[in-house]
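Enquirer: Input: one structure, supplied below.
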Amino acid sequence: MHRKSLVFAYIFFFATSAFAQTVHEAKVREVETFIEQTMKEKQITGLSIAIVHGDFRWSRGFGFSDVENQVPASADSSYRMASVSKPMTAIAILKLVEEGKVDLDAEVQTYVPYFPKKPHPVTIRQLLAHQGGISHYRDYEKEGRINDPKTTRESIAIFADFDLVNEPGTKYSYTSYGFNLLGAVVEEVSKQPYGAYLDANVWKPLGMTATMMDDPRALVPHRVYGYVLEDGKLRRSLYVDMSSRFGGGGTRSTVKDMVRLFEGLHEGKVLKPATRDLGWTDQPTRDGKLTGYGLGFGIDVHNGDRVISHTGSQAETRTSLLMIPTRHFVLALATNFENTELRPIRQKILEIFDPLLRP
């Protein structure tokens, strides 16, 4: 290349990069203003956010991770992930499928023989798609408020004798218990505890160094404490031990690691692209009706582009993770305020960034 042309190319590149940075920074200021106003209006105690768009990366905390001690929330605050754990379980299963150790269309008892047979076969694929007919919580005040630690077998025993809520494959029926059953598959096939398998095969390979199983007795850096508004008064969240929902909502992480989860998959880490894309494919019921859910991932559309997402809700936390792969855009949100609905916040942030997410 001619020297003048080369110099021009460098100038153009840096000018373009600087302009893009300025545009992103302006959008971030809009997001910050919106979040600060919303937190004040809704009395939200603490919230963390991370955004990636191409080469642009930004993360920040708002409010407090520990209200009593006035500890500020940050991008490194460690939140309970709730159902954002489900994509992690799905990745583990799909990894075992890639290795030829699990067959998506095999009955779950092939791998977890201690789970009782039901009137209809329940397959791994159906469990991943919430089409296995496995019940969700029947009595949340009892099943959702478990305070003592549970082993995998004890967790499965909670719902093992429940009747199917529908014939597998005929209906989408969301269930955390179904993902607990998938967590048991991971353990039985890998001969490792669920958390150990994910740490070695999902979290570490994706650079998720702050992700772990939720352990109330562990010393967790930047641990977040949960809050709820009751009769107009701020209270600490009721304590619930998450080991009883280990595969469906038992992990703890940061918004930075949440972003790494989807980013790494998009980059072809951990899973082969074909396997990943299978997980990101909307799964129809037997009659051909699309459900808006793949194999462990929510599926939607924004401006004609496919959106991959998942949300989570449990004691102490609300979480939301979203990616638009074709636009190289990832958004992660986590809060320690149980009265928060993150969907409107997520939608507003998408609206702010929308001009940058179009062709």
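The values are calculated or read from the model by the stated rules, or taken from the named source; none is laboratory data. Quick caveat, the model's predicted, so the values are computed rather than measured. Every residue, glycine among them, receives a Cβ derived from its backbone with ideal geometry; neighbour counts consider all protein chains shown. In case anyone asks, the SASA skips ligands and DNA or RNA and just uses the protein heavy atoms, side chains included. Shrake-Rupley method; radii C 1.70, N 1.55, O 1.52, S 1.80 Å.
Enquirer: Given the pairs 150/171; 95/171; 191/256; 95/191; 40/233, which span a C-alpha to C-alpha distance of over 19 angstrom in this model?
Expert: Numbers: 150/171 30 Å; 95/171 26 Å; 191/256 30 Å; 95/191 15 Å; 40/233 15 Å.
Too far apart for the 19 Å limit: 150/171; 95/171; 191/256.
Enquirer: With every protein chain kept in the model, how would you rank 286, 60, 252 by accessible area, 1.4 Å probe, largest at the top? Display every interim value, and only then the final one.
Expert: Values: 286 150, 60 80, 252 5 Å².
Output order, biggest surface exposure first: 286, 60, 252.
Enquirer: Roughly how many Å is it from the Cα centre of segment 24-56 to that of segment 257-330, as a whole number?
Expert: Each part reduced to its Cα centre gives a spacing of 22 Å.
Enquirer: Could I ask something else about it? Holding the Cα-Cα limit at 21 Å, pick out from 101/272; 117/289; 27/204 the pairs that are longer than that.
Expert: Values: 101/272 16 Å; 117/289 27 Å; 27/204 32 Å.
Long pairs (Cα-Cα over 21 Å): 117/289; 27/204.
Enquirer: Have a look at the DSSP beta bridges in the chain and tell me what percent are antiparallel, nearest 5. Spell out each step's value before the answer.
Expert: Details: 47 of 49 bridges.
Of the beta bridges lying entirely in the chain, close to 95 percent run antiparallel.
Enquirer: Right, next: Would you check the accessible area of residue 309, probe 1.4 Å, heavy atoms only, in square angstrom rounded to 10?
Expert: Solvent-accessible area, nearest 10 Å²: 20 Å².
Enquirer: Just from the alpha-carbon atoms, what are the Rg and Dmax of segment 120-219 in angstroms?
Expert: Reported Rg and Dmax, both Å: 15.0, 44.
Enquirer: Kindly give Rg over Rh for segment 270-359, based on alpha-carbon atoms, with the Kirkwood expression for the hydrodynamic radius.
Expert: On the way: Rg = 14.4 Å, Rh = 14.4 Å.
Taking Rg over the Kirkwood Rh, I get 1.00.
Enquirer: Then there's this: When the convex hull of the Cα atoms of segment 133-289 is projected onto a plane and the area is averaged over all directions, what value comes out in nm²? Intermediate values should be presented prior to the final figure.
Expert: Working: hull surface 47.4 nm².
One quarter of the hull surface, i.e. the mean projection, equals 11.9 nm².
Enquirer: Rounded to two decimals, what is the ratio between the C-alpha radius of gyration of segment 56-197 and 2.2 N^0.38 Å?
Expert: It is 1.22.
Enquirer: If I take R0 = 41 Å and measure r between the Cβ atoms of residue 301 and residue 114 in this structure, what FRET efficiency does the formula 1/(1 + (r/R0)^6) give, to the nearest 0.05?
Expert: The computed FRET efficiency comes out at 0.50.
Enquirer: Shifting gears a bit: In nanometres, what is the gap between the two model label sites at residue 160 and residue 267, each 7 Å from Cα along Cα-to-Cβ?
Expert: Each label point is offset 7 Å from its Cα along the Cβ direction, giving 4.2 nm.
Enquirer: Measure nothing fancy, just the Cα-based angle from helix 342-353's long axis to the longest principal axis of the chain, in degrees from 0 to 90, nearest 10.
Expert: 30
Enquirer: Now for a separate question. If you rank 354, 139, 257 by how much accessible surface each has, with a 1.4 Å probe, what is the order from largest down? Please list the in-between numbers first.
Expert: Details: 354 25, 139 75, 257 0 Å².
Ranking 354, 139, 257 by accessible area, largest first, yields 139, 354, 257.
Enquirer: Given only helices, namely DSSP H runs of n ≥ 4 each adding -39500 (n - 2.57), what is the per-residue ellipticity at 222 nm of the chain, to the nearest 500 deg cm²/dmol? It would help to have the intermediate numbers written out before the result.
Expert: Numbers: 11 runs with 124 residues, N = 359.
Counting only the DSSP helices, I get -10500 deg cm²/dmol.
Enquirer: Still on this structure, I have one more. Using a Gaussian network for the chain with springs between C-alpha atoms less than 10 Å apart, which of these wobbles most: 25, 263, 230?
Expert: Sorting by GNM fluctuation, first place goes to 230.
Enquirer: Further question on the same structure: Across the chain, what fraction of all alpha-carbon pairs, as a whole percent, falls in each successive 20 Å bin from zero upward?
Expert: For the chain, the binned pair fractions read 30, 56, 13, 1 percent.
Enquirer: Just read off the accessible area of residue 85 with the full protein assembly in place, 1.4 Å probe, to the nearest 10 Å².
Expert: 0
Enquirer: Please determine, in degrees from 0 to 90 and to the nearest 10, the orientation of helix 176-190 with respect to the longest principal axis defined by the Cα atoms of the chain, where the helix direction is its Cα long axis.
Expert: Compared with the principal axis, the helix lies near 80 degrees.
Enquirer: Sticking with this one: Keeping all protein chains in position, work out how much accessible area residue 99 exposes to a 1.4 Å probe, and write it in Å² to the nearest 10.
Expert: Its heavy atoms expose roughly 80 Å² to the probe.
Enquirer: Expressed as an acute angle from 0 to 90° and rounded to the nearest 10, what is the orientation of the C-alpha long axis of helix 3-42 relative to the principal long axis of the chain?
Expert: Between the helix axis and the principal axis of the chain, the angle is about 60 degrees.
Enquirer: Can you give the FRET efficiency for residue 171 and residue 98, using 1/(1 + (r/R0)^6), R0 = 22 Å, r = Cβ-Cβ distance, to the nearest 0.05?
Expert: Working: r = 28 Å, r/R0 = 1.29.
Step by step, r from the Cβ atoms, then E = 0.20.
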